[in-house]
Amino acid sequence: MSYYLQALVFAVFASVVFQPRVTTRIVPVVVSAIWFVGVTSIYWRYGPIGQWSFYQNDQYFHWRVLDQLFINEFNLTFDRLNFLRAPYTAPAYALSRIGLDPTLSLKFVSLCCAVGNLGLIDRFLTRRNYKFSLARFWMVAGPISVFFSLLALRETMMILCVTQLFIGISQGGKAVSLITLLILRPHLAAAIVFGQLWGWLFSRIHRRWYLLSVLTTAVVPIYIGTIGFSLGNYIIYRLPLRLYQDLFLKDQVIQIFSAFAGLQFFTVAYQTVEFTTRSLLLIRIVFPEIVLVPLLFTAGCFFFTPKTTRLKLSVLASFVFFMAVSSGTEYLSVRQSLPMMSIMGIAAILTFFQPSTDQETLKKVEQFTGV
């Protein structure tokens, strides 16, 4: 079966299977259509080999896992599961074994995670009487997550797992998401657990101390994350237990706060940046949510809203902790902050937007919730 026909079958499957039960039935269809046009255009323009280097060459590694490494090196130890990125590559490997294109199979997994994330968010917001709008879609998904569904990368799976951990209802789903994150990106899983505990603790503080709680959450996890990075290196790699930055972490603080504006590429070593500054700025013009969603979320943190206090402090603590750990590596980029984008958008929506009072929407919500 040709690449183009396989892509069409995948797109139709995703648009049919991932149908929300409430207000956004057209969205999976539109996203799947964009995905079909996108993946086939990339294949037509760059070919079966060149597509691995489109935007990010990690795609080649994932193809290599499916083609060479999975069957030869697979075992159930954590190190191997982490190296093979098994939660992401295993479903694609199963598809490739029945004759489907390996790279396209990886991209299909990315698509399923992207539309699954949209469905999860739709159910969460609909239960709270929020009516669908393009602004809401842009804030919780945005073109950037649709773009990443075109790639053989694991980011959309991590977005789905992070969203599930923060707003999901099923405890089983949360457990699976945490294990998945632990394998795909262990320090992100640690950041989520830390953030949840932090949010639970600080949300219990009296309202008069709310702004101080926000400022504390924006700073203290930097040091905790830095110490955690050192501990992780000591435990895993037996490196000396020491602080890898200066005592006041000036450079690291600048790096982390630049991530809130999506401009972290200005603060990392030039050797680690694959694109020119002009290209990176152009990406942020095409995908302005990279900058605006974190900024809206940050602004929302300074407005006290009782029902969202715990969520906002948990997300803020998780993000700061994760950026602190990531800044200890050479990989601080928009890909690091992308898994937190949807939940940041949800927190901003709950802060700045009011639920709908439209009777038709409320009736759909009642039908959905069984009230």
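The values are calculated or read from the model by the stated rules, or taken from the named source; none is laboratory data. Everything numeric in this text was worked out from a predicted model, so none of it was measured. Quick reminder, even Gly has a Cβ in these numbers, built from the backbone with ideal geometry, and neighbours come from all protein chains shown.
Observations on the model:
- One residue from THR217, THR180, THR226 being at pLDDT below 95, more than 18 Å from LYS312 (Cβ to Cβ) and not aromatic (Phe, Trp, Tyr): THR226
- Hits in the range 188-214 (condition: modelled with pLDDT of 95 or more and not in a helix (DSSP H, G or I)): none
- Options VAL65, VAL17, VAL29: the member that is farther than 30 Å from TYR130 by Cβ and assigned by TED's automatic domain parsing to the domain that holds ASN117: VAL65
- Here is the figure for the range 62-82: residues that are in a helix (DSSP H, G or I), over 19 Å from the mean Cα position of the chain (by Cα) and surrounded by 15 or more Cβ atoms within 10 Å (Cβ to Cβ) total 6.
- Sole residue being β-branched (Val, Ile, Thr) and either crowded, with 20+ Cβ neighbours inside 10 Å or modelled with pLDDT of 90 or more (or both), chosen from THR357, THR309: THR309
- Taken together, the criteria exclude VAL325 from residues that are assigned to a helix (DSSP H, G or I), at pLDDT 70 or above, over 20 Å from the mean Cα position of the chain (by Cα) and closer than 22 Å to ILE192 by Cα.
- Scan of the range 292-306 for residues that are more than 18 Å from the chain's Cα centre (by Cα) and either among the aromatic types (Phe, Trp, Tyr) or surrounded by 19 or more Cβ atoms within 10 Å (Cβ to Cβ) (or both), ordered by number: GLY300, CYS301, PHE302, PHE303, PHE304
- Filter pass, PHE304 being among the aromatic types (Phe, Trp, Tyr), at pLDDT 85 or above and within 27 Å of LEU231 (Cβ to Cβ): no
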